[in-house]
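What follows is calculated from the coordinates using simple rules that are stated; it is not laboratory data. Just so we're clear, the structure is a prediction, and the values are computed from it rather than from any experiment. Glycine gets a Cβ as well: all are built from the backbone with ideal geometry, and neighbour counts include every protein chain shown.
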Amino acid sequence: MREDLLNKYQEAMDIEARGLYPRIKDSRDKKFVADLFLTALTSAGGLSVPTLMGIGFAILHGAEVDGSAVLENWQDFELTDTNIQQFMLECVRRFPAVVGFPWWDGETAQSRTVLNIALAMRDPRAWDAPKEFRLRPLREYHATLETGSKIGVAWAQQAKGKYGVTLNSRGCPGQHLSMVIMTEMMHAYKDAYDGTQHDWTVVEEAVQITEGPCAAGDFTIVRDNESPQPQREVPSLATALAREDPAELQTIFEDLISRMSEAYAVLPAEVLEILTTVFEFEGLEVPYQP
């Protein structure tokens with residue numbers, strides 16, 4: 001799938017006619033840029049986005065906190081085009097994946113403050129029944145709060161400062177992109193295969209969501225009560241190379257390195273670690289050092 005997406009991105013780059021960026025002719029550079037696009041679109045927010053999507057899927061399937069279901073009557077709850085954004089915003093509010101945001105005093109750098117995002121999202125002065133998971137009106141999430149919005153605190157939106165976005169602004173630059181990724185994933189889930197969300201079930205018992213930096217426990221969802229497909233075990237590079245004869249490995253890597261130009265003579269860290277271990281164990285000279 002990754003290779004298919006990279007090919008699509010490269011094709012789109014080839015036909016881009018608006019002049020948004022210089023035409024990239026080198027195939028290696030083009031794939032590298034396509035990979036940057038793919039990474040940005042699938043990993044905005046680092047671990048926060050997949051963590052929150054996992055929490056969302058878990059809640060839809062009866063996830064519990066301290067023995068009680070997060071969403072009452074979750075069996076009857078329906079994702080719709082009009083409530084998906086509320087659902088994901090409430091996941092962000094009730095189960096923030098990022099729980100702190102630090103900053104230094106800008107003039108003296110003598111003091112450091114850490115905003116407790118988790119507590120801010122459960123402040124009873126700002127949120128009614130803050131520990132309850134309930135879909136609130138969108139206007140409540142987006143109500144103005146200082147230089148951002150109430151829900152924007154979860155992305156440290158207020159850190160952009162009083163003068164708008166400047167070179168010194170802080171906060172999450174992927175705030176809007178992260179919401180697009182999460183809501184579109186829920187749209188796809190809702191409409192998958194012309195079915196409904198209720199075609200899917202969790203294999204395990206009730207999924208547990210932990211507090212703090214929040215996360216859902218591991219779980220598997222299947223369609224129409226099918227058995228989950230076993231994951232194919234793929235041996236790691238370390239395992240594969242460990243089975244080879246050290247002397248043969250030396251010949252292979254010396255030949256490989258001799259064919260590499262100096263500009264690209266960079267081996268993966270895992271390979272270098274294996275090389276060093278194997279060669280030193282055998283009393284052989286490591287042919288390449290970073």
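Seen from residue 129, the other residues with C-beta closer than 14 Å to its C-beta sum to a net charge of +1, counting Lys and Arg as +1 and Asp and Glu as -1. The ranking of 31, 25 from fewest to most other beta carbons within 10 Å of each one's beta carbon is 25, 31.
The trypsin sites (Lys or Arg not before Pro) of region 134-201 that DSSP puts in a loop, and whose beta carbon has at most 15 other beta carbons within 10 Å, are 134, 162, 170. Distance from the alpha carbon centroid of region 122-136 to that of region 1-69 works out to 32 angstrom. Counting every other Cβ atom within 10 Å of each residue's Cβ, 32, 37 order from fewest to most as 32, 37. Both radii come from the Cα set of region 2-43: Rg as radius of gyration, Rh as Kirkwood radius; their ratio Rg/Rh reads 0.94.
Order of 219, 133 from fewest to most other C-beta atoms within 10 Å? Please report the intermediate quantities before stating the final value.
Numbers: 219 17, 133 20.
Result, fewest neighbours first: 219, 133.
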